[in-house]
Structures are given as C-alpha cells and as structure tokens.
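Below is one structure; the comments refer to it alone.
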Amino acid sequence: MITREQIPTVLDHPVHDARGDKIGDARHVFFDDVTGEPEWVSVRTGLFGTSESFVPIHDAALVEDHLEVPYAKDKVKEAPHVDIDAGGHLSEQEEERLYQYYGINWDAVWQDAHSGTGQTTGTTDDAMTRSEEEMHVGVERREAGRARLRKYVVTEEQQYTVPVRHEEVRVEREPISDTNRDSAMTGPDITEAEHDVTLYEEQPVVETRAVPKERVRLTTEEVTEEETVTGEVRKERIETEGTDEQGDQRRRR
C-alpha cells in the first residue's frame, strides 16, 4: 500500500511489473474521494511515452527507486483507455470498467470504500498538477530495398574487314632467242611433259580471347532529406469557479 508521503517518490519514477520488467514511468496518482487513499496510478508507456495506462495502486509496493505492481507488463499496457474530466476525476463508469479489466470486484470495493454515497471517483491532491503531452520525434532504421550486381553473358555479332591474299596462275610466253636458246634446245625434240605449280591463298581465321575491361562494385551513400510529421498531443486545462480575480468569475489557464 502506498501512503501519501510516498507519492513524491512514485511520480516520474519507473513502474515495474511483478517480474521486474519496466512498464513505464508514473505520471499521476489518483485518490479516492471518500477514503482519501491512493487508488490509481497512471503510467506512461509506448516508444516515446505517448500512451498512458491506469493500474490499481492498492496492492503496489515501493521497491528502492521504483513502484512494483502485481500485474504483468502487457496487462497494464493493454488496459482500456479512459478519459478524466477537467477536475481530474475518473467517472464511475470508467472506474468500474478498469476494475472489471483487472478482475477486481467492483461491488465489494464500492460498498467498502464509499458506503452507499453513490459516487466513486478518483482525484488528485489539493494542488492540481497541470500536464501537457510533448511530441518526441525520433527515427528508426529499417530496410528500404535491395540492390544487386548480377553478371551474365550476351552474344553480339561483330564484323571486321581484313585483307586476304591468294595466288593465281599466269601463263607467260617468250620467243626463242639467243639468250634462251641453249635452255630451250636441251632434251629430245618431240616429247610429252608436265609441270605443276602450287597455288596459295590466305583465309580469315577468327579466335576470341577474354580481356578484362573494368571493375564494377556497389556502394551506398547516405542522403539526408527533411520530412514533416504531424501528431496530436493532449494538454490539461484548469478552470476555477467561484473566484473574482480580475473581475472574471470563471477563467481557464
């Protein structure tokens, strides 16, 4: 059981579940109107502490620098969201819904604490604390896509023009003269003979060789862009009644 004197130690301090896991930080403590005892504590949860869950404080204990409640972390975080009025009160319907969620006998609590008054509300201390939600924007790193280098083979047709040479037969005739008479008159006068000439030609020959041309790799670079995010934050307002400050019977701040 948490006493009034321990409230400053509870507020803005961690709240743990029965296993010692941190649920969040205590934001407000709500008191019972009739008994004046602490009844509920609101806990900031979520990535940036933007959610707020209510948990009964009756069976909670102050352990060193944190509050320990007999409920699992997920149970508290999934508690139904409730609205409080401008005076910092929980409505009877909202409180009953919370009791049912945590498995607490609503009728027994109502009869024991309120003795038939017909009003079951929780309230803060004499001095109200006005709070506002602040937006905290962060960034998270996640995979946005993938890039891959893939090498494959394609076949292209190429044409080259190269000069090729070949030999052709040409018949040369020369008359008998004093210069060649001796060579022409050797051998028998009338005979048969053959003389062969081998002809040569060049033909194109194609061969391929793998030649390194370039090195290719993937690299990444960070590009910073500005994005505007929009969210909603809640702000508490406190109004006074029955005062005559600056001629205003009812004002807000």
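Values as computed for the structure displayed
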{"read-out": "Contacts under 9 angstrom Cβ, first residue in segment 223-243 being at pLDDT below 90, partner open to solvent by less than 60 Å² (accessible area, probe 1.4 Å) and of a type outside the set (D, E, K, R), 6 or more apart", "value": "ARG234/SER131; LYS235/SER131; GLU236/GLY88; GLU236/SER131; ILE238/GLY87; ILE238/GLY88; GLU239/GLY87"}
{"read-out": "Residue match in segment 209-219 (condition: among the polar types (S, T, N, Q), more than 30 Å from ALA147 (Cα to Cα), at pLDDT 90 or above and in a loop (DSSP other than H, G, I, E, B))", "value": "no"}
{"read-out": "Check on GLU192, open to solvent by 100 Å² or more (accessible area, probe 1.4 Å), more than 30 Å from GLU221 (Cβ to Cβ) and free of Cβ contacts under 8 Å to residues at least 60 places away in the same chain", "value": "yes"}
{"read-out": "Checking ASP12 against (1) more than 21 Å from ILE104 (Cα to Cα); (2) open to solvent by less than 60 Å² (accessible area, probe 1.4 Å), the condition it does not meet", "value": "(2)"}
{"read-out": "Yes/no for ASP182 being outside any strand (DSSP E or B) and either at pLDDT 90 or above or open to solvent by 90 Å² or more (accessible area, probe 1.4 Å) (or both)", "value": "yes"}
{"read-out": "Long-range neighbours under 8 Å by Cβ, at least six apart or interchain, first residue closer than 17 Å to THR9 by Cα and touching a residue at least 60 places away in the same chain (Cβ under 8 Å) within segment 55-73, second of a type in the set (Gly, Ala, Ser) and in a strand (DSSP E or B)", "value": "LEU67/ALA26; LEU67/ALA61"}
{"read-out": "All positions within segment 4-16 that are within 13 Å of VAL41 (Cα to Cα) and not in a strand (DSSP E or B)", "value": "ARG4, GLN6, ILE7, PRO8, THR9, VAL10, LEU11, ASP12, HIS13"}
{"read-out": "Matching option when the condition is open to solvent by less than 70 Å² (accessible area, probe 1.4 Å), of a type in the set (Asp, Glu), more than 21 Å from HIS89 (Cα to Cα) and touching a strand residue (DSSP E or B) at 6+ places or on another chain (Cβ under 9 Å), among ASP25, ASP17, ASP65", "value": "ASP17"}
{"read-out": "Enumeration of residues in segment 70-108 that are within 25 Å of ALA127 (Cβ to Cβ) and either modelled with pLDDT of 85 or more or open to solvent by less than 60 Å² (accessible area, probe 1.4 Å) (or both)", "value": "VAL82, GLY87, GLY88, HIS89, LEU90, SER91, GLU94, GLU95, LEU98"}
{"read-out": "Unique residue being surrounded by 20 or more Cβ atoms within 10 Å (Cβ to Cβ) and either at pLDDT 85 or above or acidic (Asp, Glu) (or both) when the list is ILE57, ILE2", "value": "ILE57"}
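Table: residues versus (1) assigned to a loop (DSSP other than H, G, I, E, B); (2) touching a residue at least 24 places away in the same chain (Cβ under 8 Å); (3) surrounded by 10 or more Cβ atoms within 10 Å (Cβ to Cβ).
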| position | (1), (2), (3) |
| --- | --- |
| THR129 | yes, yes, yes |
| HIS136 | yes, yes, yes |
| ARG142 | yes, no, no |
| ARG150 | yes, no, no |
| VAL154 | yes, no, no |
| GLN158 | yes, no, no |
| THR161 | yes, no, no |
| VAL169 | yes, yes, no |
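The values are calculated or read from the model by the stated rules, or taken from the named source; none is laboratory data. Remember, predicted model here, so these are calculated numbers, not experimental data. Methodologically, a virtual Cβ is constructed for each residue, glycine included, from the backbone with ideal geometry; neighbour enumeration extends over all protein chains shown. Keep in mind that these areas ignore ligands, DNA and RNA; they rest on the heavy atoms of the full protein, side chains included. Shrake-Rupley method; radii C 1.70, N 1.55, O 1.52, S 1.80 Å.
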